[in-house]
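Visitor: Input: one structure, supplied below.
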Amino acid sequence: MSTLGATQPAEYRITEEPLTAPEGAERWYAILTRSRHEKRVAEDLREKAVKTFLPLRRTERQWSDRRKTVDLPLFAGYVFVKIAPDAQARVPVLQTNGVVGFLGVRGVGSAIPEAEIAAIQTVLRQKIDVEPHPYVQVGQRVRICGGSLDGLEGFWTGKEGKVSLVVSIGLIQRSVAMQISGYKVVPLESKTA
């Protein structure tokens with residue numbers, strides 16, 4: 001199967017909640033799923049009243065006999081869950097069919113910074129075309145000033161003469177890129193190795 005043309009605006013499902021959480025409260029974790037089980041896992045977890053976030057992107061696929069528009073996970077093999085940082089909260093997640101485990105130290109899971117999840121949610125809420133992008137560790141970090149993406153931070157990159165902003169989730173080492181133009185962008189302090 002091959003992707004035809006550009007992706008359509010991404011969509012997502014999430015329980016409405018504030019973008020920041022107090023200390024000791026629920027945190028975001030990435031769970032690894034079996035191949036092509038992301039939607040089923042997210043649905044099963046929602047039925048168990050677990051807060052989930054499965055970012056999707058709409059794309060057109062070509063089969064030998066037809067074309068079809070499908071919603072694919074933006075981060076293949078991953079679903080994000082927001083749970084308390086204790087073993088009791090992890091049990092229902094781990095008992096869900098299709099879940100391989102939590103990403104992080106010794107399978108316990110490492111919390112993802114709220115700002116990284118919030119950045120992806122902001123991009124998806126604005127219905128900006130996004131596509132998977134190789135994880136970027138080096139490069140100039142920037143912040144968008146003004147407009148609907150005010151305050152969004154990411155990496156400034158150029159590809160085929162087009163300017164893009166790359167937003168990353170460090171724990172799973174996955175990124176999304178969006179073409180941006182007409183936004184005021186200010187550089188932030190670069191990360192050094």
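Just so you know, all these numbers are worked out from the coordinates, no wet-lab data involved. The structure displayed is predicted, hence computed values, not measured ones. Positions of Cβ are backbone-derived with ideal geometry, glycine not excepted, and every protein chain shown enters the neighbour counts.
Visitor: What's the ranking of 57-66, 101-110, 76-85 by average number of surrounding C-beta atoms within 10 Å, highest first?
Guide: On the way: 57-66: 12.1, 101-110: 14.4, 76-85: 20.0.
Taking the mean over residues of other Cβ atoms within 10 Å, the ranking is 76-85, 101-110, 57-66.
Visitor: Mind listing the long-range amide H neighbours of residue 174? Cut-off is under 5 Å, sequence gap 5 or more, other chains count too, H placed in the peptide plane at 1.01 Å from N.
Guide: 169
Visitor: Report, by chain and number, residues whose modeled amide H sits under 5 Å from the one on residue 78, excluding near sequence neighbours (fewer than 5 apart, same chain).
Guide: Placed amide hydrogens put 33 under 5 Å from residue 78.
Visitor: So what are the ³J(HN,Hα) numbers for region 142-151, from phi and the Karplus equation (6.51, -1.76, 1.60; θ = phi - 60°), rounded to whole Hz, Gly and Pro as x?
Guide: 9, 10, 7, 10, x, x, 5, 9, 3, x
Visitor: How much length, in nm to one decimal, is gained on full extension between residue 114 and residue 61, taken as 0.36 nm per residue of separation minus their Cα-Cα distance?
Guide: Working: separation 53, 0.36 × 53 = 19.08 nm, distance 3.29 nm.
My answer for the length gained is 15.8 nm.
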